[in-house]
Amino acid sequence: MSFQNPWWIDRNKILEDEHVKKAKVIISPINENALILGPRQVGKTTFLKTTIKTLLEREDPKSILFFTCDAFSRKEELIGLINEYRTLINREKRAYIFLDEITSIDDWNNALLHLFNAFYFNNSLVYVTGSSSINLRKEMLPGRPIKKYAFYPLNFRVYFNTFYRKLLSEGDHIRIDEKDKIYELAINLSPYISELNKALLEYVKRGGFFATLFSENPLSLYEIYKDAILSEFLKTERKENLFKFITRKLIESYGSRISDNTIAKDLNVSHTTVGDYLDVMEKLFIIRVFRKVENNEVNYRSLKKVYFIDPFFFRVMKIYSVGKDVEEYEIPLIIEGIVGEHLAREYKEVGYLHFKSSREVDFYVNNVKVEVKWREKEHKKYNKVDFLLTIDEFKKSDHQVTLPISIFLYLISSDKVFYEI
């Protein structure tokens, strides 16, 4: 392999990229080595380019290497690339190395480990991105100077701050167990309820992806997002027809509990196969799985509740598997999924509750019960939860707070894009 001009950063191309200009307003740089994982088309490549854009204001373009790892399949090819680059750029000189979609390479984690151990990354700032956490282990790269982050579609707070207005300072992310503080701030935000609810419905339609947010017609991007999801899934050597059927079953049961066995019977496959497909979908950042909590312990044998990690993924996957777009009756279910996803990003263990009386609580986190009712007006049966979330109601008792969903989402979400893994 030889480093000709195409390997170096094209300074003018980066500086004039419109996506980079727009994203630079939203994303703050990470000033340390970082492994960044997230779904395809979320904006990982754009983030790398925004960082490069900042570097180009003060650094020699030859000190910056940007490489898309889709071109490789074996770890030896990646090691050879970095070896040649660090031979050309003296290891004593500062270098900036950007490796995009490294999870396309077999055994990518061991390739990274070797590059750190062999000192190829000495005196370098290293950014690595990928679309799969399948081979990610907690003990991966132990003791190596690299932080691991999940890069999700924009949460509702960041979306509102960016496209509407900023209502609170960056430090005002409120813990879920601070009910009084949440209610107090919610009352302060009540003058903005109409604007927040309008934004939430737009968020349901567009999701939190850069491309869909900046597009006049987000559904025009359907093929791009469908192909991105399928291409990443099929790399795992699983069958598209099973994936499509399972996806359809998830949409048909959206917001309800479902078992691997139920899906498996309709498919005439084993429940372990269904469980495997769902596990892969979660590790590819397509879905989020919630499990029943009993006695403050997660019951991994219980029925699951499954939501897509972003409302635009719901639209794309419904059109793909069912053949039609979101219908009006599905909006409350999508909003329920948005609440669950926002909680799951902020807290490690989020589940749901289900009792012998068939009473259910949508989400349970840190001993806090959260029920989501976008359109339902009769709330008496939900008097045993900590937060009852509705369209526009404000109410507080000794044990329960009733709030608009949009304000709740804004208050409990961090003003950030990257979540440490």
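The values are calculated or read from the model by the stated rules, or taken from the named source; none is laboratory data. This structure is a prediction, so every number in the text was calculated from the model and none was measured. Here Cβ is always computed from backbone atoms with ideal geometry, including for glycine, and neighbour counts include all displayed protein chains. These accessible areas exclude ligands, DNA and RNA; they are computed on the full protein's heavy atoms, side chains included. Shrake-Rupley method; radii C 1.70, N 1.55, O 1.52, S 1.80 Å.
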Mind listing whichever residues of region 48-72 are of a type in the set (D, E, K, R), more than 13 Å from ASP100 (Cβ to Cβ) and in contact (Cβ under 8 Å) with a residue 12 or more places away in the chain? LYS53, GLU59, LYS62
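Quick one: in region 175-186, which of the residues that are part of a helix (DSSP H, G or I) and under 21 Å from ARG345 (Cβ atoms) is most open to solvent (accessible area, probe 1.4 Å)? So that I can check it myself, show each step before the final result.
Going residue by residue through region 175-186, those that are part of a helix (DSSP H, G or I) are 179-186.
Next cut, under 21 Å from ARG345 (Cβ atoms) only: 179, 181-182, 185-186.
Working: LYS179: 45, LYS181: 94, ILE182: 0, LEU185: 30, ALA186: 0 Å².
The selected residue is LYS181.
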(1) over 20 Å from the mean Cα position of the chain (by Cα); (2) under 30 Å from SER124 (Cα atoms); (3) at pLDDT 95 or above: which one isn't true of PRO145, the others all being true? (3)
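Applying the selection to region 263-286, what residues are outside any helix (DSSP H, G or I) and among the hydrophobic types (A, V, I, L, M, F, W, C)? Walk me through it before giving the result.
Of all residues in region 263-286, those outside any helix (DSSP H, G or I) come to 268-270, 284-286.
Passing the criteria: VAL269, LEU284, PHE285, ILE286.
Could you list, in sequence order, all residues of region 38-56 that are of a type in the set (Val, Ile, Thr) and under 17 Å from the mean Cα position of the chain (by Cα)? It would help to see each step written out before you state the result.
Step one: of region 38-56, the residues of a type in the set (Val, Ile, Thr) are 42, 45-46, 50-52, 54.
Within region 38-56, VAL42, THR45, THR46 qualify.
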Of those in region 220-252 that are of a type in the set (Ser, Thr, Tyr), surrounded by 14 or more Cβ atoms within 10 Å (Cβ to Cβ) and modelled with pLDDT of 95 or more, the residue farthest from PHE308 (Cα to Cα) is TYR222
Wholly within region 335-421, strands (runs of 3 or more DSSP E) carrying at least 3 residues that are crowded, with 18+ Cβ neighbours inside 10 Å: 351-354, 360-365, 368-372, 387-390, 401-404
Keeping to region 253-275, report how many residues are open to solvent by 70 Å² or more (accessible area, probe 1.4 Å) and either over 30 Å from LYS373 (Cα atoms) or touching a residue at least 60 places away in the same chain (Cβ under 8 Å) (or both). 6
Condition first: more than 13 Å from GLU252 (Cα to Cα) and of a type in the set (Asp, Glu). Now tell me which residues in region 326-338 satisfy that. GLU328, GLU336
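Filter region 287-310 down to the residues that are part of a loop (DSSP other than H, G, I, E, B) and touching a helix residue (DSSP H, G or I) at 6+ places or on another chain (Cβ under 6 Å) and list them by number. First the steps, then the outcome.
From region 287-310, those part of a loop (DSSP other than H, G, I, E, B) are 295-296, 299-303, 309-310; that's our starting set.
Answer for region 287-310, where residues must be part of a loop (DSSP other than H, G, I, E, B) and touching a helix residue (DSSP H, G or I) at 6+ places or on another chain (Cβ under 6 Å): just ILE309.
Quick check on my filter: what residues within region 316-325 are surrounded by fewer than 22 Cβ atoms within 10 Å (Cβ to Cβ) and in contact (Cβ under 8 Å) with a residue 40 or more places away in the chain?
Just the residues of region 316-325 that are surrounded by fewer than 22 Cβ atoms within 10 Å (Cβ to Cβ), to begin with: 319-325.
Across region 316-325, the qualifying residues are ILE319, TYR320, SER321, VAL322, ASP325.
Test THR103 against the criterion of being in contact with a Ser or Thr (Cβ under 9 Å, 6 or more places away or on another chain), part of a helix (DSSP H, G or I) and within 28 Å of LYS283 (Cβ to Cβ), and give yes or no. I'd like the intermediate steps shown before the answer.
Details: in contact with a Ser or Thr (Cβ under 9 Å, 6 or more places away or on another chain): yes; part of a helix (DSSP H, G or I): yes; within 28 Å of LYS283 (Cβ to Cβ): yes.
So THR103 passes the test.
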Which of the residues spanning region 78-130 are crowded, with 20+ Cβ neighbours inside 10 Å and acidic (Asp, Glu)? ASP100, GLU101
Given (1) open to solvent by 30 Å² or more (accessible area, probe 1.4 Å); (2) in contact with a strand residue (DSSP E or B) (Cβ under 8 Å, 6 or more places away or on another chain); (3) touching a residue at least 60 places away in the same chain (Cβ under 8 Å), identify the lone condition not met by ILE286. (1)
Which numbered condition SER253 fails, given (1) closer than 24 Å to HIS354 by Cα; (2) over 23 Å from the mean Cα position of the chain (by Cα): (2)
Name every residue in region 1-59 that is open to solvent by 30 Å² or more (accessible area, probe 1.4 Å), at pLDDT 60 or above and in a loop (DSSP other than H, G, I, E, B), in order of residue number. ASP17, SER28, PRO29, ASN31, GLU32, ARG40, GLN41, GLU57, ARG58, GLU59
